[in-house]
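Engineer: Here it is, the structure, as structure tokens.
The values are calculated or read from the model by the stated rules, or taken from the named source; none is laboratory data. These numbers were taken from a predicted model, which means no experiment stands behind them. Cβ coordinates were reconstructed from backbone atoms using ideal geometry, including for glycine residues, and neighbour counts include every protein chain displayed. Calculation scope for accessible area: heavy atoms of the full protein, side chains included, ligands and nucleic acids excluded. Shrake-Rupley method; radii C 1.70, N 1.55, O 1.52, S 1.80 Å.
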Amino acid sequence: MKKILVVGYGSIGKRHVENLLSISNLEIIVCTKRNDVKKLKKHAKVYRTLKQCLKEKPDMGIVANETSLHVTTAIKLANEGLDLFLEKPLSNSLKDVEKLHTIIKKKKLITQMGCNLRFHPCIKKIKSMVEQQKIGKIISAQVQTCSYLPDYHPWENYRRGYAARKDLGGGIILTQIHEIDYMYWLFQEVENVISMSGKFSDLDVDVEDYAASLLKFRNKIIGELHMDYFQRPNFKSCQIRGTKGEIYWDSDNNCVNIYNMNKKRWKREMEVKNYQINFSYVEQLKHFLQCVKQRKKTINDLEQGIVTLKIALAIKKASKLMKTVNV
Ligand SMILES: NC(=O)c1ccc[n+]([C@@H]2O[C@H](COP(=O)([O-])OP(=O)(O)OC[C@H]3O[C@@H](n4cnc5c(N)ncnc54)[C@H](OP(=O)(O)O)[C@@H]3O)[C@@H](O)[C@H]2O)c1
């Protein structure tokens, strides 16, 4: 039986373990310093250190600890030849990223970034509509991701979580890198960015809680990206304008609509009723396991994770310098 190691048993680590239990018959090993793991021990081997976990000779690894620890952890696992599912964002800096990349290439490991929005049925639909040029040549896109940080983990003090802390790789830009990732997926390479970001709300954090950014893609598309930590209820949206029409989706309705300029009317292309957020997490895990089995490149490998991280870091730098920054 193949073995999978999950590093980090916080909110997302727990979700991955539960999903693995429901979709696979893999042997699960968990690396965590938590003490409340009695229930978990019924389904998995649990150790406090990576060294102990690696003695079990796992075949694959899921890196689900705090953002600032992803790359160091991934390097240790890659050195042991584990295929890797890496939670987003890849890191909070480029430190050792190339080192990880070199090991991955040398050992021909399968990698996947945990950007589950690529598995959201509406975002997938938008991707196919863009590819089919349903609204002609795309000119611009407005993307929003709005959430309220204290609602992320209501069971803990939000000030202590990674998302609120600079030292652990927090901030809205890195934490909600999902939107940067799918904009890159839809519109490809980014040439340069400008941004204004900072702490604007009353939240008690030392990271940016708001970022308003412009991304200029190499194909001349302009992306307007709004990200915030202070809005309730949660809201995500994507509006794409082209020479022949418009595409619109938002998380409230979970419908993808298209406006046809010639016919002068909106048409519903897709409607997802009762969308369960866990669906996209399950789909992305299934994709990773399938790609590992077939030794096939995933939809979002380490190389794409590096590009997305570079875009996010350029946004942070542009805001700090108040200048346009090339990616
Ligand atoms: N793809 C997504 O949609 C998604 C969603 C959420 C998070 N993430 C990413 O995944 C990473 C982890 O996020 P998270 O939300 O899982 O963070 P989290 O819940 O704060 O967990 C992070 C770490 O904190 C420790 N921890 C959490 N609760 C604990 C408790 N009650 N007692 C002791 N230790 C505890 C765990 O350490 P141990 O390592 O010792 O177990 C865990 O690995 C971040 O990089 C984040 O960006 C991705």
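Engineer: Could you work out how far apart the two model spin labels at Asp202 and Lys106 are, taking each label as a point 7 Å from the Cα in the direction of the beta carbon, and quote it in nm?
Structural biologist: 5.4
Engineer: Follow-up. Taking the Cα atoms only, what angle lies between the long axis of helix 97-106 and the longest principal axis of the chain, rounded to 10 degrees?
Structural biologist: 70
Engineer: Counting Lys and Arg as +1 and Asp and Glu as -1, what is the net charge of the other residues whose Cβ lies under 15 Å from the Cβ of Leu149?
Structural biologist: Computed value for this residue: -2.
Engineer: Here is a follow-up. Using a Gaussian network model of the chain with C-alpha springs under 10 Å, which one of Phe279, Phe85, Phe288 is most mobile by mean-square fluctuation?
Structural biologist: Phe279
Engineer: Taking θ = phi - 60°, what integer Hz values does the Karplus form 6.51 cos²θ - 1.76 cosθ + 1.60 yield along segment 254-270, in sequence order, with x for Gly and Pro?
Structural biologist: 6, 10, 9, 10, 10, 9, 9, 5, 5, 7, 6, 8, 8, 9, 7, 8, 7
Engineer: Which order do the peptides 262-269, 291-298, 16-23 take when ranked by the mean count of other beta-carbon atoms within 10 Å per residue, highest first?
Structural biologist: Those peptides, ordered most packed to least, come out 16-23, 291-298, 262-269.
Engineer: May I ask you to give the solvent-accessible area per residue for the chain, in square angstrom, as obtained with a 1.4 angstrom probe?
Structural biologist: Per residue, the chain has 49 Å² of solvent-accessible surface.
Engineer: According to the Kirkwood expression over distinct Cα-Cα pairs, how big is the hydrodynamic radius of the chain, in Å? Intermediate values should be presented prior to the final figure.
Structural biologist: Numbers: mean 1/r = 0.0486 Å⁻¹.
Evaluated over the chain, this radius sits at 20.6 Å.
Engineer: Take Ile139 and Asn157, extend 7 Å from each Cα along the Cα→Cβ direction, and tell me the distance between the two endpoints in nm.
Structural biologist: Each label point is offset 7 Å from its Cα along the Cβ direction, giving 5.1 nm.
Engineer: What is the percent carbon and sulfur in the accessible area of the chain, measuring with a 1.4 Å probe over the protein chains and ignoring ligands? Provide the component values of the computation, followed by the final result.
Structural biologist: Details: 8030 of 16150 Å².
Carbon with sulfur: 50 percent of the solvent-accessible area.
Engineer: So what J values fall out for segment 187-194 if you push phi through Karplus, 6.51 cos²θ - 1.76 cosθ + 1.60 with θ = phi - 60°, rounded to Hz, Gly and Pro as x?
Structural biologist: 10, 6, 5, 9, 7, 8, 9, 10
Engineer: Sticking with this structure for a sec: Using the Karplus equation 6.51 cos²θ - 1.76 cosθ + 1.60 (θ = phi - 60°), what ³J(HN,Hα) coupling, rounded to whole Hz, does each residue of segment 237-251 give in order, writing x for Gly and Pro?
Structural biologist: 3J(HN,Hα) across segment 237-251, in whole Hz: 8, 8, 10, 10, 10, x, 5, 10, x, 9, 10, 9, 9, 9, 6.
Engineer: From the C-alpha coordinates alone, can you work out the Kirkwood hydrodynamic radius of segment 57-106, in Å?
Structural biologist: Details: mean 1/r = 0.0932 Å⁻¹.
For segment 57-106, inverting the mean 1/r across all distinct Cα pairs yields 10.7 Å.
Engineer: To make sure I understand the rule: partners must be lysines, Cα under 29 Å from the Cα of Lys323, and not fewer than 8 residues away in the same chain. Which ones qualify?
Structural biologist: Lys88, Lys95, Lys137, Lys166, Lys199, Lys216, Lys220, Lys236, Lys310
Engineer: Separate question: Can you work out the base-10 log of I(q)/I(0) for segment 18-112 at q = 0.23, 0.24 1/Å, using the Debye formula on its C-alpha atoms alone?
Structural biologist: Those come out to -1.30, -1.37, one per q.
Engineer: Based on the mean of other beta carbon atoms within 10 Å per residue, what is the order of 250-258, 114-122, 132-140, most packed first?
Structural biologist: Result, highest mean Cβ count within 10 Å first: 114-122, 250-258, 132-140.
Engineer: Kindly give the semi-axes, whole Å and largest first, of the ellipsoid equivalent to segment 131-274, taking each as the square root of 5 times a Cα gyration tensor eigenvalue.
Structural biologist: Semi-axis lengths for segment 131-274 are 31, 18, 11 Å.
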